[in-house]
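Notes follow once the structure below has been shown.
The values are calculated or read from the model by the stated rules, or taken from the named source; none is laboratory data. Just so you know, these numbers come straight off a predicted model, no measurement behind them. In this analysis, Cβ positions are derived from the backbone assuming ideal geometry, glycine residues included, and neighbour counts consider all displayed protein chains.
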Amino acid sequence: MAVLRADVEICQGYANCVMAAPDLYDVDDDGTVVLLRTTVPDTERARVEEAVQGCPVSALSIEDE
Amino acid sequence: MTASLVVVGASLGGVRTAQALRRESYPGRIVLVGAEPHLPYDRPPLSKQYLAGRWTAERVSLLSAADAVDADIELRLGVAAEHLDLDRRQVVLADGERIGYDVVVLATGSCARPSPWAAPSGIHTLRTIDDSTALAADLAVDGPVVVIGAGFIGSEVTATARALGREVTIVDPLEAPLGRALGAQVGSLLADLHRRHGVATCFGTGVQSVVGRSGDLTVLLSDGKRLAAATVVVGIGACPNDAWLASSGLRIDDGVVCDEFCRAVGAQEVFAVGDVARWLHLGYGERCRVEHWTNAVDQAGHVARTIARPDHQRAYRPTEYVWTDQFDWRIQVVGRPARASGHHLVGTLGADSARAAVLYAEAGRFCAATVVNWPKALVGCRRLLADGTSIDDAVRRIEDLAGAPGRPSPRGS
């Protein structure tokens, strides 16, 4: 399993993650990222990495469980 | 023998291409060539957080040496590519080294359009981290700053210099900042934003000359006005770094001319991404070149998939997205407002509080949006644009987000 992390202090609400993986990420009314899931199976890791690398301020990361 | 791929340009687009290829399980060798000696870094902070001294060089890193080792990406930094030999399939570097490839991705980005005004010192353009470091040193010294050009870079540098306490004058031959990108009406609101923060503005005025040296410059405007400046920043656009390809035989026309898959026309094994790529956008029905951060990332991912997966041959037709932070406004733009024939304002863009979305229409369709300080509306607009919808539906949906109907502004921007 891969564990999703989001640093709400760093997030600036660019919302690239929401466009890349709308089932995993959303933003709240203040524009701060919200994780819709906290883990994903390793088979989905590639698309999570794509969303992580699409964050302009590197607020997202992924860890191995 | 395993395949070999060379990415030319340690830019955002180049780094993300290499990373995306590994994500797509590309099995071959990947070499990333960069002209600058620095490890790859990110550019948006260079006019904002890094320029202001709030972020370090480490914070703007895109790929550390350890990241490169982990991803099995070979780095060749500090040496520019000088020639692309299509017949031998080799990239020729300035030091004479030839690197063979099966596939090459051109990601050499763009450079700041050179200043037509010269002085021994004190005139800056801004593109690289070294540019930003040098400008930061001059901005640290008290004295008036003149910014020539009110596009993204000029507007952001103005806001940063003002926040550092400098007196700033911004000059542009157009009547409003970012007028080319956002239209005159939104541009005029941005002019007000600058003035509210104590910036002197000279719009609708060109620059005749700049004389003097660092600390004692004079900018002569075309209306005869003279501005004293300790530091001058010239932000008048960018030019694609394609001159090194002139000898390759590739078709170059303000960028590398590519098909809808971002493959160089006439060269199956050559792709281009980011600022240097002029590809056929089927959604617009024309070739275009996009200098935005998100495009470099998206295009890199798309090209990596096209290379790594023979079954993934899809046209690249993104909806553009760019942001700019100026004073207390975060401005996010999706689509191309310049193509619009009319617009609606939802929310308010007042002096005290700005939270709004400007929705642009082209032939009754929702085609673009400019969003200020309203992330939820940004997400809504990006989704609506991806889905394709009428302007009336789009306005209704964004008004629903606001909880109250906004006042439509007059048509015709």
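The strands (runs of 3 or more DSSP E) found wholly in chain A and carrying at least 3 residues that are touching a residue at least 24 places away in the same chain (Cβ under 8 Å), surrounded by fewer than 21 Cβ atoms within 10 Å (Cβ to Cβ) and more than 11 Å from chain B (Cβ to nearest Cβ) occupy A:2-6, A:60-64. Taking B:VAL232 as the residue in question, decide whether it is part of a strand (DSSP E or B) and touching a Leu at 6+ places or on another chain (Cβ under 6 Å). So B:VAL232 passes the test. For the range B:307-322, a residue qualifies if it is within 14 Å of another protein chain (Cβ to nearest Cβ) and exposed (fewer than 15 other Cβ atoms within 10 Å of the Cβ), and the qualifying residues are B:ARG309, B:HIS312. Scanning the range A:1-54 for residues that are of a type in the set (Gly, Ala, Ser), in contact with a Pro (Cβ under 8 Å, 6 or more places away or on another chain) and under 20 Å from B:ARG23 (Cα atoms) gives a single hit, A:ALA2. Looking at this structure, is B:VAL372 of a type in the set (A, V, I, L, M, F, W, C), closer than 25 Å to B:LEU189 by Cα, surrounded by 23 or more Cβ atoms within 10 Å (Cβ to Cβ) and within 14 Å of chain A (Cβ to nearest Cβ)? Criteria met by B:VAL372. Which residues, taken from the range B:69-83, are in a strand (DSSP E or B) and among the hydrophobic types (A, V, I, L, M, F, W, C)? Once the filter is applied, which keeps residues that are in a strand (DSSP E or B) and among the hydrophobic types (A, V, I, L, M, F, W, C), the range B:69-83 yields B:ILE73, B:LEU75, B:LEU77, B:ALA81. Among residues of the range B:288-306 being among the β-branched types (Val, Ile, Thr) and surrounded by fewer than 24 Cβ atoms within 10 Å (Cβ to Cβ), the one that is nearest to the other protein chains (Cβ to nearest Cβ) is B:THR294.
Among the strands (runs of 3 or more DSSP E) confined to the range B:96-152, the ones with at least 1 residues that are closer than 22 Å to B:LEU75 by Cβ are located at B:98-100, B:103-106, B:110-112.
Here's the yes/no breakdown for (1) touching a strand residue (DSSP E or B) at 6+ places or on another chain (Cβ under 7 Å); (2) modelled with pLDDT under 95; (3) among the aliphatic types (A, V, I, L, M):
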| residue | (1), (2), (3) |
| --- | --- |
| B:PRO337 | yes, yes, no |
| B:GLY347 | yes, yes, no |
| B:ALA351 | no, yes, yes |
| B:PRO375 | yes, yes, no |
| B:VAL379 | yes, yes, yes |
| B:ARG383 | no, yes, no |
| B:ASP387 | no, yes, no |
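Against the definition (in contact (Cβ under 8 Å) with a residue 24 or more places away in the chain and among the acidic types (Asp, Glu)), how does B:GLU320 come out, yes or no? The answer is yes for B:GLU320.
Take the range B:74-112 and flag every residue that is within 25 Å of the chain's Cα centre (by Cα) and farther than 24 Å from B:VAL257 by Cβ. Hits for the range B:74-112 are B:LEU75, B:ARG76, B:LEU77, B:GLY78, B:VAL79. Each residue in the range B:1-43 was checked for being buried (at least 20 other Cβ atoms within 10 Å of the Cβ) and assigned to a helix (DSSP H, G or I), and 11 of them qualify.
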